[in-house]
Amino acid sequence: MSVKPKKELGQHFLKDLSIAQRIAELLTGHGGYQKALEIGPGMGVLTQFLLKDSRFETYVIEIDRESVDYLKQNVPALEGRILAADFLNIKPELLPTKQPGTEPFAVVGNFPYNISTQILFKVLDMRDRVPEVVGMFQREVAQRIASGPGNKDYGILSVLLQAWYDIKYEFTVEPGVFNPPPKVHSGVISLRRNDKTDLGCDERKFTQVVKHGFGQRRKTLRNALKPLNPTEAALASSFMDKRAEQLSVAEFVTLTGLMSERVNE
């Protein structure tokens with residue numbers, strides 16, 4: 001029995017065992033977690049290497065019923081650790097845990113490209129429970145997430161994720177190692193939670209500033225942030241004469257603070 005890749009689920013099954021092993025070996029245990037959650041295991045090519053790592057228990061979450069049945073029949077080590085659910089919609093308390101909503105776990109996988117950024121936004125929401133992420137993405141998305149200021153790939157997702165995670169582009173993967181081969185190259189990145197518990201500014205405002213700033217990335221921030229009604233303190237800042245791609249995460253935090261400083265308040 002094998003599973004047929006489903007286009008509507010964005011499935012491209014990895015065939016190359018050496019690449020699967022490299023991905024599994026990128027998990028470092030950062031933050032001291034004891035469980036790892038693989039998203040979209042398919043037929044378990046990556047799963048088999050995760051299961052060999054005795055540092056943590058591997059769980060999988062899979063939306064495809066056929067893949068769930070395959071794993072139950074062919075990977076007995078996963079008994080009781082298969083979640084037949086959609087990661088994007090699952091309640092946090094249903095994820096692998098002894099103490100609901102608190103136990104940390106790593107997120108790993110060859111992520112479906114059509115939902116890969118949504119997976120990361122979900123991780124952001126659970127950042128205090130997810131100290132490490134290792135994943136395969138479309139190469140352009142992976143490069144964007146890992147890019148720093150001044151790079152044309154640097155954007156909204158780069159800033160929002162790098163505020164909370166240290167990110168590294170690990171390696172590129174050719175299309176031919178998948179069934180079916182995607183039309184693009186893939187890239188593997190790792191994200192490891194930094195020590196921040198608070199940005200030092202209003203997080204909602206920070207997200208607004210970043211999104212508006214990159215929404216019209218060719219414009220200076222003075223023009224791009226007009227809809228947010230900048231304060232006098234913000235308007236006086238030298239940041240306003242730059243474009244969003246020129247600001248580091250720390251500078252966006254500083255600018256967000258200035259956007260909240262109103263005279264006579």
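The values are calculated or read from the model by the stated rules, or taken from the named source; none is laboratory data. This structure is a prediction, so every number in the text was calculated from the model and none was measured. Neighbour counts run over all protein chains shown; Cβ positions are idealised from the backbone, glycine included. Ligands, DNA and RNA are excluded from the accessible area calculation, which covers all protein heavy atoms including side chains. Shrake-Rupley method; radii C 1.70, N 1.55, O 1.52, S 1.80 Å.
Key figures for this structure:
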quantity	calculated
Residue in region 136-146 that is under 30 Å from Val3 (Cα atoms), outside any helix (DSSP H, G or I) and open to solvent by 10 Å² or more (accessible area, probe 1.4 Å) present	yes
Single residue of region 216-265 satisfying the filter (open to solvent by 90 Å² or more (accessible area, probe 1.4 Å), touching a residue at least 12 places away in the same chain (Cβ under 8 Å) and acidic (Asp, Glu)) that is farthest from Ile167 (Cα to Cα)	Glu232
Lone qualifier among Gly150, Gly187 - being open to solvent by 50 Å² or more (accessible area, probe 1.4 Å) and in the same structural domain as Val45 (by the TED database)	Gly150
Candidate set: region 166-183, residues that are within 19 Å of the chain's Cα centre (by Cα) and either in contact (Cβ under 8 Å) with a residue 40 or more places away in the chain or open to solvent by less than 30 Å² (accessible area, probe 1.4 Å) (or both); chosen: the one nearest to Leu27 (Cα to Cα)	Glu170
Where Thr58 falls short, out of the listed (1) over 16 Å from Phe105 (Cα atoms); (2) of a type outside the set (Lys, Arg); (3) touching a helix residue (DSSP H, G or I) at 6+ places or on another chain (Cβ under 6 Å); (4) open to solvent by less than 50 Å² (accessible area, probe 1.4 Å)	(1)
Given (1) surrounded by fewer than 16 Cβ atoms within 10 Å (Cβ to Cβ); (2) at pLDDT below 95, number of the condition Leu14 does not satisfy	(1)
Meets criteria (of a type in the set (Lys, Arg), out of contact with any Gly (no Cβ under 7 Å at 6 or more places or on another chain) and within 23 Å of Asp125 (Cβ to Cβ)) for Arg217	no
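Condition check ((1) under 27 Å from Phe178 (Cα atoms); (2) at pLDDT 95 or above) across all residues:
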position: Gln48; (1), (2): yes, yes
position: Tyr70; (1), (2): yes, no
position: Pro104; (1), (2): no, no
position: Val108; (1), (2): yes, yes
position: Arg127; (1), (2): no, no
position: Gly135; (1), (2): yes, yes
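This table checks each residue for (1) touching a Cys at 6+ places or on another chain (Cβ under 8 Å); (2) surrounded by 21 or more Cβ atoms within 10 Å (Cβ to Cβ); (3) of a type outside the set (Gly, Ala, Ser).
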{"residue": "Gln21", "(1), (2), (3)": "no, no, yes"}
{"residue": "Glu25", "(1), (2), (3)": "no, no, yes"}
{"residue": "Gly31", "(1), (2), (3)": "no, no, no"}
{"residue": "Leu46", "(1), (2), (3)": "no, yes, yes"}
{"residue": "Leu51", "(1), (2), (3)": "no, no, yes"}
{"residue": "Val68", "(1), (2), (3)": "no, no, yes"}
{"residue": "Asn74", "(1), (2), (3)": "no, no, yes"}
{"residue": "Leu83", "(1), (2), (3)": "no, no, yes"}
{"residue": "Asp86", "(1), (2), (3)": "no, no, yes"}
